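*Asks:* Encoded as structure tokens, here's the structure I'll be asking about.
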Amino acid sequence: MKILCVYPFSDFSTTDLEENTDLNQKTLLYIKPDTSLLSKGQSFYYPEYSNDIHVRICLTAKICKIGKFIAPSFASKYYNKLTIGIDFWAKDLQKDLSKKGLPWQPAIGFDASMQVMSWKNKDDFYTFFRKQENANSDGENITYRINEKEIKIKNIEYAQEKLHEAIAVASKQCSLKIGDIISIDLSLNNRSESCQIQDILHVQLDLNNSLHLKIK
């Protein structure tokens, strides 16, 4: 099993690159190993080699069918479960490795660098959140906070479209296998957020499904 993360390139680039509109439209694919999954109920421990851990909220899909070169219009046939994920990465280490022309894996694929909530059937997931959006004039249906700061997230219809595009991008570069996980950024501004020791991440899906994650 592998975790395929498809995120905006600009979040990983230097300040000069972030000002380039063309580059801002590009996506970046990287792969995290299964050892990156943080066990449920555990806290996230700040790595000793980083002073700038960033975190992003993700829409996360579980692949149910082997595929390669999948068109976005057929992507829905290749996953059957969805949930919300929290992805950690060491931004300071990534920048240092990038300047040296070295692989980023130590910065993005370290142990316990991703937490996923309980999986839901994809149809139930989409149906639930569409009902929530219809009841909310702002179109928001997930509460995501770092301490008391609330992070705005994408509309679920738009996120579904981006997920299907991500599956197409990922399947061009490597075969998708049953059990693989695909993750896309769910924040409205496509940006990760800095987190520090003693911070608390909170995600609320509904009364019976929430995540309360401490940074230690």
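The values are calculated or read from the model by the stated rules, or taken from the named source; none is laboratory data. As the structure is a computational prediction, the values presented were derived from the model and not from experiment. Neighbour counts run over all protein chains shown; Cβ positions are idealised from the backbone, glycine included.
*Asks:* Return a yes/no flag: does segment 1-20 have any residue that is closer than 27 Å to residue 203 by Cα, in a strand (DSSP E or B), modelled with pLDDT of 95 or more and in contact with a Ser or Thr (Cβ under 8 Å, 6 or more places away or on another chain).
*Replies:* Yes, because at least one residue in segment 1-20 is closer than 27 Å to residue 203 by Cα, in a strand (DSSP E or B), modelled with pLDDT of 95 or more and in contact with a Ser or Thr (Cβ under 8 Å, 6 or more places away or on another chain).
*Asks:* While we're on this one: Only one of 30, 46 is aromatic (Phe, Trp, Tyr), in contact (Cβ under 8 Å) with a residue 60 or more places away in the chain and part of a strand (DSSP E or B). Can you tell me which? I'd like the intermediate steps shown before the answer.
*Replies:* Numbers: 46 fails: part of a strand (DSSP E or B).
Step by step, each of 30, 46 is checked, and only 30 is aromatic (Phe, Trp, Tyr), in contact (Cβ under 8 Å) with a residue 60 or more places away in the chain and part of a strand (DSSP E or B).
*Asks:* So, one more: Any residue in segment 53-75 that is in a strand (DSSP E or B), at negative phi and surrounded by fewer than 17 Cβ atoms within 10 Å (Cβ to Cβ)?
*Replies:* No, segment 53-75 has no match at all.
*Asks:* If you go through segment 179-195, how many residues are assigned to a loop (DSSP other than H, G, I, E, B) and either without any contact (Cβ under 8 Å) to a residue 60 or more places away in the chain or surrounded by 13 or more Cβ atoms within 10 Å (Cβ to Cβ) (or both)?
*Replies:* Count: 7.
*Asks:* Determine which single condition residue 44 fails, assuming it passes every other condition in (1) in contact with a helix residue (DSSP H, G or I) (Cβ under 6 Å, 6 or more places away or on another chain); (2) modelled with pLDDT of 90 or more.
*Replies:* Residue 44 satisfies all of (1) in contact with a helix residue (DSSP H, G or I) (Cβ under 6 Å, 6 or more places away or on another chain); (2) modelled with pLDDT of 90 or more except (1).
*Asks:* Quick check, is residue 112 modelled with pLDDT of 90 or more, assigned to a helix (DSSP H, G or I) and either touching a Leu at 6+ places or on another chain (Cβ under 6 Å) or surrounded by 16 or more Cβ atoms within 10 Å (Cβ to Cβ) (or both)?
*Replies:* For residue 112, the condition - modelled with pLDDT of 90 or more, assigned to a helix (DSSP H, G or I) and either touching a Leu at 6+ places or on another chain (Cβ under 6 Å) or surrounded by 16 or more Cβ atoms within 10 Å (Cβ to Cβ) (or both) - is not met.
*Asks:* Please enumerate the residues belonging to segment 69-87 that are of a type in the set (A, V, I, L, M) and more than 17 Å from the chain's Cα centre (by Cα). Before you say what the answer is, go through the steps one by one.
*Replies:* Here is the first cut: in segment 69-87, the residues of a type in the set (A, V, I, L, M) are 70-71, 75, 82, 84, 86.
Selection gives 70, 71, 75.
*Asks:* For segment 177-191, give me the residue count where each residue is farther than 11 Å from residue 152 by Cβ and either touching a helix residue (DSSP H, G or I) at 6+ places or on another chain (Cβ under 6 Å) or aliphatic (A, V, I, L, M) (or both).
*Replies:* 4
*Asks:* Can you confirm whether segment 78-85 contains a residue that is within 12 Å of residue 182 (Cα to Cα), part of a helix (DSSP H, G or I) and not charged (D, E, K, R)?
*Replies:* Within segment 78-85 (the criterion being within 12 Å of residue 182 (Cα to Cα), part of a helix (DSSP H, G or I) and not charged (D, E, K, R)), the answer is yes, since at least one residue qualifies.
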